1. Taking LEU100 as the residue in question, decide whether it is more than 25 Å from LEU385 (Cβ to Cβ) and assigned to a helix (DSSP H, G or I).
2. Take the residues in region 58-89 that are in the same structural domain as THR275 (by the TED database) and charged (D, E, K, R); name whichever of them is nearest to VAL258 (Cα to Cα).
3. For region 178-218, how many residues meet the condition of being among the aliphatic types (A, V, I, L, M) and closer than 22 Å to THR102 by Cβ?
4. Kindly check whether there is at least one residue in region 326-338 that is at pLDDT 95 or above, of a type outside the set (Val, Ile, Thr) and part of a helix (DSSP H, G or I).
5. Taking the condition within 30 Å of VAL315 (Cβ to Cβ), outside the structural domain of THR341 (by the TED database) and either surrounded by fewer than 22 Cβ atoms within 10 Å (Cβ to Cβ) or within 16 Å of the ligand (Cβ to nearest atom) (or both), does LEU220 pass?
6. What number of residues in region 73-98 are more than 16 Å from SER281 (Cα to Cα) and either within 16 Å of the ligand (Cβ to nearest atom) or not β-branched (Val, Ile, Thr) (or both)?
7. For the structure I just gave you, tell me whether ILE304 is of a type outside the set (Ser, Thr, Tyr), within 30 Å of GLY93 (Cα to Cα) and outside the structural domain of PHE149 (by the TED database).
Amino acid sequence: MKTKQHNFSKLAERLKSSMIRELLKYANMPGAVSFGGGTPDPETFPRHELSKIASEILEEEYKYTLQYSVTEGDPQLINQILILLKRIYGIEGLSHENILITVGSQQALELLGKVFIDSGDYVVVGDPEYLGAISAFRMREPRFVVAKFDEDGPDIDMIEQKIEEIDRAGEIKKLKFIYVVSNFQNPSGVTTSLEKRKALIEVAEKYDLLVVEDDPYGVLRFEGEHVPSIMKLGGTDRVILLNTFSKILCPGLRIGVVVADKSIVRKMVLAKQGTDLCSPSLTMRLAARYLERYDVLEQIKPAIELYRKKKNEMVRALENYFGDIKGTKWTNPNGGLFIWTTLPEGYDTMEMFKFAEQNKVFYIPGEAFRPYSEPSSSMRMSFCLPSVEEIHEGVKRLRTAFDQYRVSRGMK
Ligand SMILES: *Cc1c(COP(=O)(O)O)cnc(C)c1O
């Protein structure tokens, strides 16, 4: 019998299995150390509290929790979100019409693509950039304008230069937004400086553009000063802020938050109706009641302290095992879950991967975070899940892998 050749859409034909999934296939084998995962530690999830609330709201609020909700999201959760926006960012004066609750930030990224991007449009992203955003935008076939991400955020001069070119070509209306993960970027761990945040808004004003600020990690700061958000600096006229409960509460609830101008929220609501009608009433109400009863910013403190310790251990291990290799560097983030390690020029972390795999240590090659996947000498290393011993052991193995790779290439 012949297997049926399905007549997929052009979009479906373009979809490929994620490189990360392929790479991390063996990351869970016994004895392996994985710096690859990007997920929070399950031990930080308040499971007992959530379980108690879940049973209550199923019994007592079933008319809401087991029913369709409005597309905009649970009004009671939005009340709590408005309080949090004030506490976290000092943002005030917003109303319910400025908020949309999505199924994780991932859906917000996808909806942004739907309401802003037509095939051939431009969006500005970083190098490196959050892979989830690239995949969501890519569905809409944009041209990615790629700007280097430095140790203090995006290269603004490069952004301006590229925007100028687009403007000169008479295509500025096709440039839809500048996307930036402002705090402890995934994958680099970099926080965009206050100067660069202001400069980004200046560029956006000069060319009448939007900035999409994605901030899942801002609350996970373990040292240093809070930097005012781009939304706080630029307001809803210029900025769309994405947030999520995935990294501060738990990803399984799938709750993301869009903060934007009312007209943008309205369009995204219409787009969401065609996607899923509404976010799950049950998890939205669960989050709302949790936020009413517990202080999520207090509750997350022990986790932040744990991440701080592990980050410091990873930096120490890198100094121990890679300190003698000229041209190697790593970021030392003040929060979040990731360190970005860069090997000397000419090395390719994708090529090195097989040596790492043989040594049972895993990371994500930098190539995965480039919209046009070019070879990269960098890698993303998460310090969140491995234990302190595993962090040291893993970095030690990484050095072994590096030496083997170096020899195989005849490099010194
Ligand atoms: C984890 C993460 C998200 C959140 O995704 P959810 O869909 O809300 O779980 C969004 N943006 C970045 C940069 C992330 O790292």
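1. Details: more than 25 Å from LEU385 (Cβ to Cβ): yes; assigned to a helix (DSSP H, G or I): no.
It is false that LEU100 is more than 25 Å from LEU385 (Cβ to Cβ) and assigned to a helix (DSSP H, G or I).
2. The qualifying residue nearest to VAL258 (Cα to Cα) is GLU72.
3. Filtering region 178-218 for residues among the aliphatic types (A, V, I, L, M) gives 178, 180-181, 190, 194, 199-201, 203-204, 209-212.
Within this subset, residues satisfying the condition of being closer than 22 Å to THR102 by Cβ are 178, 180-181, 210-212.
Of the residues in that region, 6 qualify.
4. No, every residue in region 326-338 fails to be at pLDDT 95 or above, of a type outside the set (Val, Ile, Thr) and part of a helix (DSSP H, G or I).
5. When the stated conditions are applied, LEU220 passes them.
6. First, the residues of region 73-98 that are more than 16 Å from SER281 (Cα to Cα): 82-98.
So of that shortlist, the ones also either within 16 Å of the ligand (Cβ to nearest atom) or not β-branched (Val, Ile, Thr) (or both) come out as 82, 84-90, 92-98.
Of the residues in region 73-98, 15 are more than 16 Å from SER281 (Cα to Cα) and either within 16 Å of the ligand (Cβ to nearest atom) or not β-branched (Val, Ile, Thr) (or both).
7. Values: of a type outside the set (Ser, Thr, Tyr): yes; within 30 Å of GLY93 (Cα to Cα): yes; outside the structural domain of PHE149 (by the TED database): yes.
So ILE304 fits the description; yes.
Yes/no per residue for (1) within 16 Å of the ligand (Cβ to nearest atom); (2) of a type in the set (Asp, Glu); (3) in the same structural domain as TYR372 (by the TED database):
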residue: VAL146; (1), (2), (3): no, no, no
residue: PHE149; (1), (2), (3): yes, no, no
residue: ASP152; (1), (2), (3): no, yes, no
residue: ASP155; (1), (2), (3): no, yes, no
residue: MET158; (1), (2), (3): no, no, no
residue: GLU165; (1), (2), (3): no, yes, no
residue: LYS176; (1), (2), (3): no, no, no
residue: VAL180; (1), (2), (3): yes, no, no
residue: PHE184; (1), (2), (3): yes, no, no
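The values are calculated or read from the model by the stated rules, or taken from the named source; none is laboratory data. Fair warning: this is a prediction, and the values are worked out from it, not measured in the lab. As a convention, Cβ positions derive from the backbone with ideal geometry for all residues, glycine included, and neighbour counts pool all protein chains shown.
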